[in-house]
Amino acid sequence: MAYQALYNKYRPQTFDEVFGQKSIVTTLKNAIREDKIAHAYLFCGPRGTGKTTMARLFSKALDCKEGLGHQCLECESCRAIAKGEHPDVIEIDAASNSTVDSVRQLIDNVSYQPIMSRYKVYIIDEVHNMSNSAFNALLKTLEEPPSFVVFILCTTEPQKIIPTILSRVQRFDFSKVTKEDLVANMRRVLDHEGIGYQEEALKAIASLSDGGVRDSLSLLDQLVSYAESKITIDDVDNLFGLLSIKDELRLVSLIEGRKTDECLHLVREKYVQGMDILRLHDDLITIFKDLAIYQATRDESLLTKLAATDCESLSMPLRILRKDIDALLSARREYRHSESLLSNLELAILALTDDSPSETATFQKVETSPAPKAEKEKAEETLASKPMEIKTEGKGFSTKAIEKKEDDQVLEYTLDDIVNLMNQADKEERISLAAKWENFSTFLSSDNAFEAKALHGAKLRLVALDVLLLTSRSLSDLETFALKKEQKAFRFLTKEVLGKEYDVLAISEATFKEALERFKGQTEKTKKACAIDFGKRETLSPSTEFFNELMGN
């Protein structure tokens, strides 16, 4: 027999063998047991998390000869589904069948009775590749298929599916599998194959897999071919161009000591040996994040890559760690525009080892005297209404207000506007929206990726008058939030993720704290309408303007 890849050989054959999607398995089992089988499902989530596998397992549970809900693996139906040969379980690749004609052919066949089972199951993989016209052609059939037909749509990009399709399906979101589950699955596979391994090697593979079971087994397959008799952490480092944790900690120690020349020599030496630069950069971000978390909490259970002893040996102040993390994150975004990855990494190291003083951009303090009170309030309003950008001057940094342009208008607000929002904040609504905030990450590869990244990285402070007040430490993101022309994209994203359109106002941490102090110092709280101009949502027609004027609006 031809060699079978590990991810195919050890693909789960029953619900009980599935790793990491227990809530979905439980829901599908209960639906079958209580005879509440829907006519259409949407399985969405990152690649390699088991969407297509789950669709096949659900098909087995629907069509097993032993009875509804069984997966005997012995009957003709179970064996045919496992081989991909069942006449009533039709798998369609939407990437190559995305046209209206393909969908019409599918619709013509839907009405025919199953050949050998209870249900006909249509599994449409990568369904986001279908055209809008193809989706529209499928709408009626998807809403009211014959009683013996079940549709299962699988996708990694649910945001590309039109809303009318989403409203007709039961949606299941597959999560990334935890590192512990990935390690347990690889351990099971290697024990069955009789192959030795180091636990550290499996943990390293799990980290590289980024929550994907298929990716973890694909990497494991490569290592089985590479290693002689036992998979070791050295095999992982050598095959995938990784630095050992010892070398990474040495590099961080050199950065801490601001030994620029030794850092560059080490990086170039490892690069010649086949080091993966992007993975090293991501590891450095994780290490500095771990150091910052440990400095702030002293809780080893929150660490991802380091042990407490490693953090104790690298005692950088939290202020420096934050600066270094910002530098690493900024450099990470530049790789896609860089012609030389090594040069980009070296520039990042130069930034990390720079001894020159730097200050975080803040709003300038207005002199309390002898300036008259009216002038002081005007100065505060001017400063609070303009986002800041960093301008380098020699070795330090200074701040300069961005000038308002006719074609690039910015939001104008005062500290009083922010205090007004604080007076009308809805705590329960903020808690509800904060629980959905991570979902902005699903739009990081969409047409609104830039705005989605800014929202995902910002902190929701309060909600009032259909306005989201956010804080962000990224100056570039603050500049994005400040542009009126970006509000349309923000309103679209908030509608998609939070279920309602919101205007978005983002400010720096320093400005928020200043407004908070003013809020706390109020003698009485007054509620006022929001005076901030977020730009017109739509152009009013003459008839609408006349009606508003007539009604006194």
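Our coupling estimate for segment 59-64, obtained by passing each phi through the Karplus curve with A = 6.51, B = -1.76, C = 1.60 and θ = phi - 60°, is 4, 4, 5, 7, 10, 4 Hz, Gly and Pro reported as x.
For the chain, the solvent-accessible area of protein heavy atoms averages 54 Å² per residue (probe radius 1.4 Å; ligands and nucleic acids excluded). Close amide H partners of Ile92, meaning residues 5 or more places away or on another chain with modelled amide H under 5 Å apart, are Ile123, Ile124, Asp125.
Could you state the angle between the C-alpha long axis of helix 277-297 and the longest principal axis of the C-alpha atoms of the chain, as a value from 0 to 90 degrees rounded to the nearest 10? Compared with the principal axis, the helix lies near 60 degrees. When the charge dipole of the chain is built from unit charges on Cβ atoms (+1 for Lys and Arg, -1 for Asp and Glu) and taken about the Cα centre, the candidate among Phe135, Ala95, Gly194 whose Cα reaches farthest toward its positive end is Phe135. Dipole magnitude for segment 447-528: computed about the Cα centre from +1 point charges on Lys and Arg Cβ and -1 point charges on Asp and Glu Cβ, it is near 300 debye. Note that the chain shows a convex hull volume over its alpha carbon atoms of 231 Å³ per residue.
Please find the FRET efficiency linking Leu516 to Glu76, where r is the Cβ-Cβ separation and R0 is fixed at 56 Å, and quote it to the nearest 0.05. If you can, show how the numbers build up before the last one.
On the way: r = 69 Å, r/R0 = 1.23.
That pair, Leu516 with Glu76, gives E of 0.20.
Taking each of Lys51/Lys323; Lys453/Lys513; Lys51/Lys495; Lys51/Lys230; Lys9/Lys120 in turn, the alpha-carbon distance tops 29 angstrom for Lys51/Lys323; Lys51/Lys230. Each residue, Ser343 and Asp101, gets one label point 7 Å from its Cα in the Cβ direction; the gap between the two is 4.8 nm.
Relative contact order of segment 1-145: what whole-number percent is it, with Cα pairs under 8 angstrom and at least 6 residues apart? The normalised contact order for segment 1-145 reaches 22 percent. Just so you know, the Rg over Rh for segment 209-253 is 1.05, from Cα atoms, with Rh as the Kirkwood radius.
When the Cα positions of Cys78, Phe450, Thr286 are compared along the charge dipole of the chain, Cys78 comes out farthest toward the positive end, with charges on each C-beta of Lys, Arg, Asp and Glu. Semi-axis lengths, largest first, of the ellipsoid equivalent to segment 70-226 are 36, 21, 13 Å, with √(5λ) applied to each eigenvalue of the Cα gyration tensor.
Within segment 174-258, what whole-number % of the accessible surface is contributed by carbon and sulfur, with the 1.4 Å probe and all protein chains included in the calculation? Could the numbers behind the result be given before it?
Working: 1810 of 3940 Å².
Result for segment 174-258: 46 percent of the exposed heavy-atom area is carbon or sulfur.
With +1 assigned to the C-beta of every Lys and Arg and -1 to the C-beta of every Asp and Glu, and no other charges, what is the dipole magnitude of the chain about the Cα centre in debye, to the nearest 20? It would help to have the intermediate numbers written out before the result.
On the way: 74 positive and 90 negative charges, 206 e Å.
The calculation lands at about 1000 debye.
Of Val183, Gln159, Tyr226, which is farthest on the positive side of the dipole of segment 104-263, counting Cα position, with +1 on Lys and Arg Cβ, -1 on Asp and Glu Cβ, and the Cα centre as origin? About the Cα centre, the residue reaching furthest to the positive side is Gln159.
Using Cα-Cα distances under 8 Å and only pairs 6 or more residues apart, what relative contact order does the chain have, in percent? Let's see the in-between values first.
Working: 740 pairs, mean separation 51.5, N = 553.
Once normalised by length, the contact order is 9 percent.
The values are calculated or read from the model by the stated rules, or taken from the named source; none is laboratory data. If you're wondering where the values come from, they're calculated on a predicted model, not measured in any experiment. Please note: Cβ atoms are built from the backbone with ideal geometry, for glycine as well, and neighbour counts cover all protein chains shown. Protein only, heavy atoms only, side chains kept; ligands, DNA and RNA dropped before computing areas. Shrake-Rupley method; radii C 1.70, N 1.55, O 1.52, S 1.80 Å.
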